[in-house]
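Asker: Here it is: the structure, laid out below.
The values are calculated or read from the model by the stated rules, or taken from the named source; none is laboratory data. On a predicted model such as this, the values are computed, not experimentally measured, just so you know. Heads up, the Cβs are rebuilt from the backbone with ideal geometry, glycines too, and the neighbour counts pull from every protein chain shown.
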Amino acid sequence: MTGLTRNAGSGDSIGDAFRVVGPARLVGKVAVRGAKNSALKLMAASLLAPGKNKLLNVPHIADVEIMAELLERLGCTVTHNTEDHTLTIDVPEIPAHKADYDLVRKMRASINVLGPLIARVGEADVALPGGDAIGSRGLDFHIAGLRALGAEVHSEHGYVIAKAPNGLAGTNISLEFPSVGATENLMTAAVLARGRTVIENAAREPDIADIGEYLIAMGAKIEGLGSSTITIEGVERLRPATHATLADRIVTGTWAFAAVMTQGDITIIGGRPEHLEIPLDKLVAAGAVITTTPDGFRVKMDRRPSAVDIATLPYPGFPTDLQPMAICMNAIAQGHAIVTENVFEGRFMFVNELKRLGATITVDGHHAAINGISELSGAPVLATDIRAGAGLVLAGLVSEGVTIVEDGYHVDRGYPDFAEDLRSLGADVTRIQPKLKKLLSALT
């Protein structure tokens with residue numbers, strides 16, 4: 001039975017859709033909590049240290065609940081205090097080693113238990129992951145790296161099955177692509193391997209450094225965090241630790257784009273501008289005024305944004321997770337822009353939904369050509385993934401009339417209290433049950 005607690009009385013999770021009334025101008029302050037992409041991986045990394053691990057600044061989102069249930073099935077006891085945003089994971093001396101499909105299919109980050117389990121238990125059976133429909137995200141780099149460390153890895157009946165009966169041994173690994181997930185899995189496997197492991201062309205995202213700092217607090221020996229070469233000296237055992245989750249740079253960036261799109265004025269408390277240098281430079285080019293504050297930064301916009309070209313790249317490049325927001329902003333900007341997607345080929349799936357609001361966009365391969373118009377028009381649309389869903393809600397804020405964003409549960413996976421935060425900034429956004437789904441429910 002899961003130890004998670006949930007906020008009682010929150011209206012945001014009642015409905016499966018967002019009802020957005022536009023146009024709106026967002027003004028005020030909003031706080032950013034811990035990063036989804038860090039919190040989930042920190043939770044998985046906790047498997048490396050038996051005893052009570054404590055994570056601070058953990059967001060209250062659906063994916064955290066899914067990961068908590070997965071850890072519970074592996075033998076952990078998980079308690080999430082959603083009022084003070086702390087999460088305690090009591091890890092057994094010998095965790096179970098099978099991560100079932102019914103949970104893993106809901107969230108790709110579940111694959112991050114692979115590295116810790118093979119390091120701690122010597123075997124792992126992890127279902128092939130699901131998650132957002134944004135394109136191919138194969139496990140080739142994960143598997144090749146684990147094999148280099150000495151694990152026997154193969155796929156069978158929809159599971160990745162890994163065994164290392166004699167333990168893992170350090171080695172040199174060069175990734176063909178700076179995969180975030182592969183870097184994380186290889187780091188968490190190598191910390192308990194014999195000898196030295198060097199990961200070349202490693203991912204450089206702040207989330208990687210966040211996980212590395214947590215592992216160091218556990219007693220791991222890691223150098224090179226934040227660079228493309230990470231060196232790890234294996235240790236025999238790790239100890240429980242307490243760690244504060246890094247602020248969510250994607251949620252931070254979403255609020256920055258929201259301010260620019262709505263010609264608003266938002267102070268983002270807890271946001272770290274140094275993790276968003278390129279996106280913020282793009283917003284300045286669009287016309288925004290951005291100033292740092294003692295506890296974050298402020299984004300102010302007093303005119304219609306200018307169109308800006310954007311190309312997504314691994315960190316420190318423009319994040320693929322902010323690409324939907326960039327397209328939505330350019331859809332109502334002055335001028336013409338090209339947005340190029342270099343990370344996930346399926347990121348443009350939501351463009352047809354945005355075109356339902358009147359956006360003028362032509363997709364050719366991994367390029368989207370956008371001609372900005374002054375205002376969109378409200379209509380029913382469908383969220384295809386977390387970031388597309390958030391982008392469509394923002395598009396609803398710059399549309400005339402009512403926009404219904406269905407399948408809003410996607411947004412819940414990455415944005416805690418999204419509708420409530422938007423209302424605090426002056427938006428008319430509520431959660432509803434879509435009429436079509438109500439009708440279908442009544443007929444069955």
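Asker: If you check V363, V381, which single one turns out to be without any contact (Cβ under 8 Å) to a residue 24 or more places away in the chain, surrounded by 15 or more Cβ atoms within 10 Å (Cβ to Cβ) and in a strand (DSSP E or B)? Outline the logic, then answer.
Answerer: Working: V381 fails: without any contact (Cβ under 8 Å) to a residue 24 or more places away in the chain.
Sole residue among the options that is without any contact (Cβ under 8 Å) to a residue 24 or more places away in the chain, surrounded by 15 or more Cβ atoms within 10 Å (Cβ to Cβ) and in a strand (DSSP E or B): V363.
Asker: Return yes when I222 is part of a strand (DSSP E or B) and either within 27 Å of T86 (Cβ to Cβ) or free of Cβ contacts under 8 Å to residues at least 24 places away in the same chain (or both) and no when it is not.
Answerer: Numbers: part of a strand (DSSP E or B): yes; either within 27 Å of T86 (Cβ to Cβ) or free of Cβ contacts under 8 Å to residues at least 24 places away in the same chain (or both): yes.
Criteria met by I222.
Asker: Next up: Residue by residue through region 285-296, note down the ones that are exposed (fewer than 15 other Cβ atoms within 10 Å of the Cβ) and either polar (S, T, N, Q) or assigned to a strand (DSSP E or B) (or both). Before the answer, list the steps.
Answerer: In the first step, residues of region 285-296 are kept if they are exposed (fewer than 15 other Cβ atoms within 10 Å of the Cβ); the result is 285, 289, 291-295.
Result: V289, T291, T292, T293.
Asker: What's the total number of residues in region 319-357 that are over 19 Å from the mean Cα position of the chain (by Cα), buried (at least 23 other Cβ atoms within 10 Å of the Cβ) and of a type in the set (V, I, T)?
Answerer: 2
Asker: For residues that are outside any strand (DSSP E or B), under 23 Å from the mean Cα position of the chain (by Cα) and farther than 21 Å from G271 by Cβ, tally how many sit in region 14-37. It would help to see each step written out before you state the result.
Answerer: Initially, region 14-37 is screened for residues outside any strand (DSSP E or B), giving 14-16, 23-26, 32-33, 35-37.
Then drop every residue that is not under 23 Å from the mean Cα position of the chain (by Cα), which leaves 14-16, 32-33, 35-37.
Still in the running and farther than 21 Å from G271 by Cβ: 14-16.
The number of residues fulfilling the criteria is 3.
Asker: What about I230, is it closer than 30 Å to E176 by Cβ and in the same structural domain as L376 (by TED's automatic domain parsing)? Working first, answer last.
Answerer: On the way: closer than 30 Å to E176 by Cβ: yes; in the same structural domain as L376 (by TED's automatic domain parsing): no.
Judged against the criteria, I230 is not a match.
Asker: Considering every residue within region 67-87, establish whether at least one is in contact with a Phe, Trp or Tyr (Cβ under 6 Å, 6 or more places away or on another chain), closer than 27 Å to G170 by Cβ and in the same structural domain as G212 (by TED's automatic domain parsing). Please lay out each step first, then the result.
Answerer: As a first pass, look at region 67-87 and keep what is in contact with a Phe, Trp or Tyr (Cβ under 6 Å, 6 or more places away or on another chain): none.
No.
Asker: Go through (1) touching a residue at least 40 places away in the same chain (Cβ under 8 Å); (2) within 25 Å of the chain's Cα centre (by Cα); (3) surrounded by fewer than 19 Cβ atoms within 10 Å (Cβ to Cβ) one by one and return the number of the condition V299 breaks.
Answerer: (3)
Asker: Next question, about the same structure. Tell me which of these T197 doesn't satisfy, since it passes every other one: (1) out of contact with any Gly (no Cβ under 8 Å at 6 or more places or on another chain); (2) free of Cβ contacts under 8 Å to residues at least 60 places away in the same chain; (3) crowded, with 19+ Cβ neighbours inside 10 Å.
Answerer: (1)
Asker: Taking only region 260-284 into account, find how many residues are assigned to a helix (DSSP H, G or I), among the hydrophobic types (A, V, I, L, M, F, W, C) and buried (at least 22 other Cβ atoms within 10 Å of the Cβ). Full working, then the answer.
Answerer: Of all residues in region 260-284, those assigned to a helix (DSSP H, G or I) come to 260-261, 273-275, 277-284.
Adding the requirement that they be among the hydrophobic types (A, V, I, L, M, F, W, C) leaves 260-261, 278, 280, 283-284.
Subsequent filtering for residues that are buried (at least 22 other Cβ atoms within 10 Å of the Cβ) retains 260-261, 283.
Qualifying residue count, region 260-284: 3.
Asker: Right, another one. I'd like the full set of residues that are surrounded by 21 or more Cβ atoms within 10 Å (Cβ to Cβ) and either at pLDDT 95 or above or in a strand (DSSP E or B) (or both), limited to region 42-67.
Answerer: Residues satisfying the conditions are L42, M43, A44, A45, S46, L47, L48, A49, N53, L55, N57, V58.
Asker: Find all pairs meeting these conditions: Cβ atoms under 9 angstrom apart; at least six residues apart or on different chains; first residue within region 21-44 and within 30 Å of E375 (Cα to Cα); second residue part of a loop (DSSP other than H, G, I, E, B) and of a type in the set (S, T, Y).
Answerer: Partner pairs satisfying both residue conditions: G22/T262; P23/T262; A24/T262; R25/T262; L26/T262; V27/T262.
Asker: Please specify each residue of region 81-96 satisfying the condition of being in contact with a strand residue (DSSP E or B) (Cβ under 6 Å, 6 or more places away or on another chain) and either on the phi > 0 side of the Ramachandran plot or buried (at least 22 other Cβ atoms within 10 Å of the Cβ) (or both). Spell out the reasoning first.
Answerer: The initial filter retains those residues of region 81-96 that are in contact with a strand residue (DSSP E or B) (Cβ under 6 Å, 6 or more places away or on another chain), namely 86-90.
L87, I89 - these are the residues of region 81-96 that are in contact with a strand residue (DSSP E or B) (Cβ under 6 Å, 6 or more places away or on another chain) and either on the phi > 0 side of the Ramachandran plot or buried (at least 22 other Cβ atoms within 10 Å of the Cβ) (or both).
Asker: As an exercise: evaluate G11 against (1) surrounded by fewer than 22 Cβ atoms within 10 Å (Cβ to Cβ); (2) modelled with pLDDT of 95 or more and give the number of the one condition it does not meet.
Answerer: Status for G11: all satisfied but (2).
Asker: Restricting attention to region 19-36, which residues are of a type outside the set (G, A, S), within 27 Å of K106 (Cβ to Cβ) and surrounded by 24 or more Cβ atoms within 10 Å (Cβ to Cβ)?
Answerer: Of the residues in region 19-36, the ones of a type outside the set (G, A, S) are 19-21, 23, 25-27, 29-30, 32-33, 36.
Cutting the leftovers down to within 27 Å of K106 (Cβ to Cβ) gives us 19-20, 32-33, 36.
V20, V32, K36 - these are the residues of region 19-36 that are of a type outside the set (G, A, S), within 27 Å of K106 (Cβ to Cβ) and surrounded by 24 or more Cβ atoms within 10 Å (Cβ to Cβ).
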